[in-house]
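*Asks:* Here's a structure for you.
The values are calculated or read from the model by the stated rules, or taken from the named source; none is laboratory data. Predicted model, so just to flag it, every value in this text is computed and none were measured. Don't worry about glycine lacking a Cβ; one is built from the backbone with ideal geometry, like all the others, and counts go over all protein chains shown.
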Amino acid sequence: MSTTSLFYTTTLNPSSTFKTNLLSSHHHFNKLQLTHAPFSFPLKTHFHSTKRLSLAAAASPISLDTPTKSSFRDKPIKDINVLVVGSTGYIGNFVVKELVNRGFNVIAVCREQSGIRGKNSKDVTLSKLNGANVCFSDVTNLDVLEKSLENLGVEIDVVVSCLASRTGGVKDSWKIDYDATKNSLLAGKKFGAKHFVLLSAICVQKPLLEFQRAKLKFEGELVEESEKDESFSYSIVRPTAFFKSLGGQVELVKDGKPYVMFGDGKLCACKPISEPDLASFIADCVLKPDMVNKVLPIGGPGKALTPLEQGEMLFKLAGKKPFFIKVPIEIMDFAIGVLDSLVKIFPSWEDAAEFGKIGRYYAAESMLVYDPETKEYSDEDTPSYGKDTLEDFFKRVLEEGMAGQELGEQTFI
Ligand SMILES: NC(=O)c1ccc[n+]([C@@H]2O[C@H](COP(=O)([O-])OP(=O)(O)OC[C@H]3O[C@@H](n4cnc5c(N)ncnc54)[C@H](OP(=O)(O)O)[C@@H]3O)[C@@H](O)[C@H]2O)c1
């Protein structure tokens with residue numbers, strides 16, 4: 001990672017004043033209230049313009065002593081500066097597009113080599129983030145990130161984090177899902193952010209995996225931050241499964257291969273949500289007062305689907321006779337047991353053991369709202385949003401393949 005902070009801009013707007021009266025209704029929201037969705041340096045900075053050469057650096061430097069109350073929600077959308085971290089990820093990229101389309105002034109923070117295994121060059125990254133102001137920096141280094149934001153010379157109103165470990169490994173989960181996300185909170189707040197939208201995951205309700213513990217720790221600290229500072233708020237978005245996570249067998253079925261599932265195919269269920277629908281939901285969180293200071297579990301339209309139902313849907317769409325292979329879940333338990341024993345001898349195998357646990361988790365745990373008292377998942381209690389269906393996604397993948405839906409180094413989260 002280069003430590004050079006580069007900032008490519010189209011329409012970055014400095015905020016000249018902090019106004020009073022942020023979120024007059026803010027205090028009325030309970031902290032960490034689980035709710036249904038409302039439908040309820042770097043030493044140098046280089047400025048480049050990708051569009052209109054309308055760089056608008058702050059007329060005067062940001063004073064960090066400025067009064068803490070502001071009213072970004074009162075500003076015209078074009079003047080609201082939204083910092084997006086994790087902007088080059090599967091969801092982050094859609095979030096950037098959605099915010100740009102809604103007219104926000106988006107600052108997308110990213111690495112110089114982005115994407116799965118860093119395959120995207122700077123130029124590719126810039127084209128993927130078209131319409132946003134792109135800031136090349138390092139979210140894993142607080143000093144670097146703060147310096148990059150300082151060099152922008154603008155106030156941040158809202159931070160949206162779509163950061164996630166690309167591997168799901170133990171150390172990387174803590175490095176990204178906790179440390180880097182925390183850096184984004186600290187740096188964002190330092191430069192004026194009054195609201196933080198976090199892309200989390202519904203599975204943190206029952207945390208058995210390191211990345212879930214890392215996310216949960218950050219969620220807790222985000223809530224604490226809002227409790228300490230009444231002018232600061234959060235929206236924690238906990239989606240169910242993404243389409244990409246369920247599309248892995250579409251092309252196999254199309255080629256006449258069996259659909260593989262664990263147990264009887266009914267061990268778990270989810271309400272899959274498409275990337276544009278989730279991005280729209282996340283963008284709603286930027287301004288909607290009824291999404292403030294809430295934990296928002298969210299799924300896509302329709303009822304929850306088990307792997308068996310997904311497989312049946314797929315065979316029907318592919319015009320093939322159903323052909324299932326049912327794998328006993330105990331096989332995974334055995335493999336995890338072996339890996340856990342090996343980790344005691346070979347600590348470097350900890351990620352392999354963690355990946356086994358991740359696989360086991362998603363084979364048996366539903367991505368639905370969980371009641372810790374009854375220990376049951378509920379389809380009815382899991383809110384739906386959007387219009388894209390898994391059926392339409394399967395049809396599209398059957399026709400066009402899985403291009404653009406790559407899962408990355410890890411294939412479960
Ligand atoms: N898959 C599902 O079904 C599902 C369901 C519910 C919730 N979720 C949650 O959704 C979240 C986002 O998922 P996603 O699929 O959009 O993630 P993703 O595609 O893997 O994107 C991860 C983002 O984090 C950035 N990042 C990772 N490591 C970094 C590092 N060392 N330095 C700087 N940036 C780094 C990536 O930047 P680069 O491009 O530079 O690597 C990328 O922008 C995850 O937290 C996941 O748990 C997933």
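*Asks:* Is there any pair linking a residue in region 149-165 that is over 13 Å from N133 (Cβ atoms) and at pLDDT below 95 to one that is in a strand (DSSP E or B) and hydroxyl-bearing (S, T, Y), with Cβ under 6 Å and at least six apart or on different chains, and which?
*Replies:* Going by the 6 Å Cβ cut-off, there are no qualifying pairs.
*Asks:* Next up: How many residues are surrounded by fewer than 21 Cβ atoms within 10 Å (Cβ to Cβ), basic (K, R) and part of a loop (DSSP other than H, G, I, E, B) when one looks only at region 243-301?
*Replies:* Matching residues across region 243-301 total 3.
*Asks:* Can you go through F412, F394 and tell me which one is out of contact with any Cys (no Cβ under 9 Å at 6 or more places or on another chain), within 15 Å of L246 (Cβ to Cβ) and at pLDDT below 85?
*Replies:* F412
*Asks:* Something else: Out of (1) farther than 27 Å from E354 by Cβ; (2) surrounded by fewer than 24 Cβ atoms within 10 Å (Cβ to Cβ); (3) of a type in the set (A, V, I, L, M), the odd one out for V158 is which?
*Replies:* Condition (2) is where V158 drops out.
*Asks:* Here's a follow-up. Could you figure out which of (1) in contact with a Leu (Cβ under 6 Å, 6 or more places away or on another chain); (2) within 13 Å of the ligand (Cβ to nearest atom) isn't true of V159?
*Replies:* So the condition that V159 fails would be (2).
*Asks:* Among the residues of region 128-164, write down those that are among the β-branched types (V, I, T) and more than 17 Å from V100 (Cβ to Cβ).
*Replies:* V139, T140, V144, listed by residue number.
*Asks:* Output the residue which, of all residues in region 211-242 that are assigned to a strand (DSSP E or B) and within 11 Å of the ligand (Cβ to nearest atom), is farthest from the chain's Cα centre (by Cα).
*Replies:* So, considering only residues that are assigned to a strand (DSSP E or B) and within 11 Å of the ligand (Cβ to nearest atom), the one farthest from the chain's Cα centre (by Cα) is F242.
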